[in-house]
Structure formats: structure tokens, C-alpha cells
Amino acid sequence: MHGLPHLAFFLSYVALAGALGVYAPRWWPTLSQGEAFGLGGLVLLGGALLHEVLARLHAAAVWRNRLFEVVQAYGDQQEDLAWLRREVQAIREALDAASQSDGLGGGRVEEMMAEVRVMRTLLERLSARPAPGRDGGHGDGGPASRRVPVPRAQSPSTDDTGDAAASVPALKKRDAMLEAVREALRNDRIDLVLQPIVTLPQRRRRFYECFSRLRRDDGTVILPDQYIAVAERAGLIATIDNMLLFRCVQLIRKVQRKSQDVDFFCNVSPHTLADAAFFNDFIAFLEGNRTLAEHLVFEFAQADFTRLDAVGGRLFDRLAALGCRFSIDQVRDPDIDVGALAQRGIRFIKIEADRLLAILSDNVSLVRACQRHRIDLIVEKVEDESRLVELLDFEIPFGQGYLFGAPRLARPAA
């Protein structure tokens with residue numbers, strides 16, 4: 001309350017108290033003048049107390065708003081500081097890599113700047129606070145929604161953050177989860193988890209599939225089930241997918257220094273494919289790391305690849321020109337046109353063991369068609385020897401699953 005409302009309220013209860021003290025005996029003849037003055041005094045006291053309560057509530061609201069503004073400004077400053085810290089770290093890593101080579105030439109400078117541009121764009125988007133309810137895209141097929149595979153007996157339970165309940169505790173939990181994801185990304189608490197893909201029947205490790213994993217500051221893992229729905233509501237799912245893909249490739253670069261003969265599968269989200277601005281910067285980064293690009297296999301869900309538009313197709317072609325290869329997974333349509341996939345540059349098809357056996361029971365020629373078009377079949381989710389024996393009869397070249405190795409935390413090269 002400002003000065004004028006204070007004065008108006010004060011005058012109103014003073015006038016009411018005075019009127020009661022003077023005119024109450026006329027209105028109620030049973031009241032004496034002394035009683036009327038007492039009644040007026042009680043009204044005056046009650047009005048003064050109410051005035052004080054209202055004034056204190058108003059002052060508390062003002063200070064609460066000021067405190068909120070200070071906290072918000074502090075948060076913005078922390079985000080800016082985190083952004084600058086990441087830029088400095090990216091430059092330091094690029095300089096360290098350059099110091100181990102023949103020197104810091106123009107190409108290394110361009111590579112450095114490309115990496116900084118990608119990180120700056122992602123961190124700016126991550127720090128932005130879009131209006132609640134914006135949907136960042138679908139949650140049915142990207143790296144953020146793709147969890148690290150676990151055995152059937154150990155499948156994690158889904159967190160209730162995706163529930164539609166709008167209770168205050170649920171909203172607080174969602175806000176806390178979203179902030180935990182932001183903090184993990186801003187502070188580089190991203191782990192690279194690798195699962196081997198082996199040759200069959202020799203079981204020699206030939207590829208690794210890469211998964212990104214977020215950690216809280218206390219080291220506990222944030223499961224995709226816990227944050228996907230929250231991130232979609234905040235319009236951050238595309239940024240998270242892009243950040244995970246880029247950091248995954250950065251971490252692969254460190255791991256790959258000690259394993260030059262191993263290639264890595266990276267999942268590409270439909271949100272990333274739809275973000276031409278990010279993908280252009282990402283391709284510029286890969287252009288400065290062509291040796292790394294030749295060891296990358298980008299993996300698309302069958303449905304996402306089928307829906308690839310003209311813009312996505314051009315980005316796809318640019319990746320192919322850098323030496324990257326491509327894989328299709330999450331196969332749901334058994335009618336696979338292997339020749340068409342080969343023309344689009346697909347070199348691998350990954351199919352779950354149970355689904356592949358069902359397909360081959362009706363279409364044994366799929367294996368021969370893949371061999372004819374130089375596409376390698378990879379059977380995934382192989383978890384027991386009996387299932388493997390059935391698959392070996394079809395001469396499938398590669399396998400993946402817990403039978404051959406569980407996903408493990410990658411250790412960067414020194």
C-alpha cells in the first residue's frame with residue numbers, strides 16, 4: 001500500500017470511530033455517552049490493528065518480489081558463468097589437442113571455433129526459459145528417450161514425473177527434475193556408456209554403441225524415464241538431445257585415440273534432424289575432425305528415417321560426404337526394401353533377436369539381400385546362448401546384447 005491508500009484507510013476508520021463516539025447514543029438510546037466513546041475507541045483500535053496487519057503483509061509481498069528478482073538475476077548470472085566456463089574448457093581441450101600435434105595451424109583454429117560455436121548455441125538454448133507447455137517434439141525415438149539397455153529382469157521402474165497430475169508436490173518435483181537436468185548438462189556431468197557389437201560367430205569386438213547418461217552432483221544417475229516428459233513440457237527436449245549427441249561425439253573423440261580400429265554407433269534424434277541450425281554447426285565441427293567422422297555410424301529409427309524430409313536428406317548427404325556411415329534400428333515394418341536403403345547410404349540394419357527370427361521365418365532372403373547390397377545385419381538384445389544358436393544358422397555377421405557384454409562406462413584416453 002502506498003501513501004494515498006494508507007491515508008484513505010486511516011481516515012475511514014478514524015471517521016467511523018468518531019461517528020460512533022458522537023452519534024451512537026442517538027442511534028441506540030440505551031447507550032450512554034461513555035459507552036459510545038468506548039465503542040468508538042474499540043473501533044479505532046481494531047482499525048489500527050487491521051491497518052498494521054495489512055501494511056506488514058504488503059511489505060512482506062514487496063520484499064518477496066524483490067527476493068525473487070534477486071534469485072532470478074543470480075540464476076541468470078550463474079548460467080552465463082557456466083556458459084563462459086564451458087567455452088573456456090572447449091578452447092582448452094582444443095589447445096591441448098593441438099599441442100600434441102604439429103602445431104596450431106589455421107585448420108585447428110577453425111576446428112576450435114566450430115566446437116565453441118556448437119557449445120555456445122546449445123548452452124544459450126539450455127539457459128533459455130521457454131513458457132511452460134511448449135512441446136519440444138515427440139518423445140518416442142531420440143537419444144534422450146533411448147535408455148541404456150538393461151536385462152529384462154532389471155528393467156527400471158518408470159518415475160512418476162510424467163504423470164499428468166497437477167498437484168503442487170508433483171509440480172515441484174518436475175521443476176526440481178528439470179533443474180537437475182539443466183545442471184547436469186551445464187556442468188558437464190555427462191557419462192559416455194559403451195556396449196560392444198561383436199562379430200559372429202567369433203565374438204570379436206568390432207563396434208561400440210554409445211549411450212549418454214546424466215548424473216546429479218551427488219553422483220546418482222538421472223534416468224531418461226525421469227526427465228523426458230518434463231523436458232518436453234519445458235520445450236527443452238530438442239536441446240537436450242542435441243547436447244547429448246554432441247557431447248557423445250566429443251567423448252568418443254577422447255576414447256577413440258587409443259582404439260583407432262573401432263567404430264562407434266551414435267543415435268540421432270528426430271528432434272536433432274529437424275534442427276537444421278544445430279546440425280549445420282555440428283557438421284562444421286565434424287569437418288574439422290574427419291578422422292573421427294570416418295569412425296562414426298549414425299543410427300536412425302526406421303520410422304524417423306522414412307519421414308526424412310528434403311532438408312534432413314541434404315544434411316544426411318553432407319554427413320555421408322565426410323565419411324560417416326548410417327544404420328537403421330527400431331525396425332517395426334518387416335517389409336524392408338534393402339535395395340532402397342542401400343541407395344540412401346545405409347550400411348547397417350539392427351533388428352531385435354525375437355523380431356529378426358520372426359522376419360526370417362517368412363523371408364529368409366533378407367540375409368542374402370543384405371549381403372548383395374553390402375548392408376550388414378546386426379541382431380541386438382541377444383541375452384542367452386540358445387537364442388544365439390538359432391541365429392547362427394542364418395549367418396548373421398554381427399550381434400549385440402548382454403550375452404556379449406553389458407554397457408560400461410567409457411574411460412577417456414589419457
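Laboratory data are not the source of any read-out in this text; all were calculated from the coordinates shown. The model shown is predicted, which means the values in this text are computed figures rather than measured ones. Here the Cβ is made from the backbone with ideal geometry for all residues, glycine too, and neighbour counts use every protein chain on show.
What to note about this one:
- A crude spin-label estimate for the pair Asp384 and Val311, with each label 7 Å from Cα along the Cβ direction, gives 4.8 nm.
- Modelled spin-label separation between Leu357 and Arg372, with each label point placed 7 Å from Cα along the Cα-to-Cβ direction: 2.7 nm.
- Sorting Val198, Val71, Val181 from the fewest to the most surrounding beta carbons within 10 angstrom yields Val71, Val198, Val181.
- Near Glu209, the amide H atoms lying under 5 Å from its own belong to Gln195, Ile197, Phe265; only residues 5 or more places off or on other chains count, and H is placed 1.01 Å from N.
- GluC sites (Glu not before Pro) restricted to the stretch 276-341 and DSSP loop, no more than 14 other C-beta within 10 Å: Glu294
- Where a label projected 7 Å from the Cα of Ala176 along Cα→Cβ would reach, residues of the stretch 205-224 with amide N under 20 Å: 214-224
- Label-point gap, in nm, between Leu223 and Ala19 - each point 7 angstrom along Cα→Cβ: 6.7
- Hull volume per residue, based on the alpha-carbon atoms of the stretch 265-414 and their convex hull, is 128 Å³.
- For the stretch 179-271, the spherically averaged projection of the C-alpha convex hull amounts to 7.1 nm².
- Across all C-alpha atoms in the stretch 135-409, the radius of gyration and Dmax reach 18.9, 59 Å.
- Fully extended contour minus Cα-Cα distance, from Arg344 to Asp393, at 0.36 nm per residue: 14.7 nm
- Stretch gain in nm, segment Thr30-Gln78, where the contour uses 0.36 nm per residue and the Cα spacing is subtracted: 10.2 nm
- The residues Leu341, Leu296, Leu39, when put in order of fewest to most other Cβ atoms within 10 Å, stand as Leu39, Leu341, Leu296.
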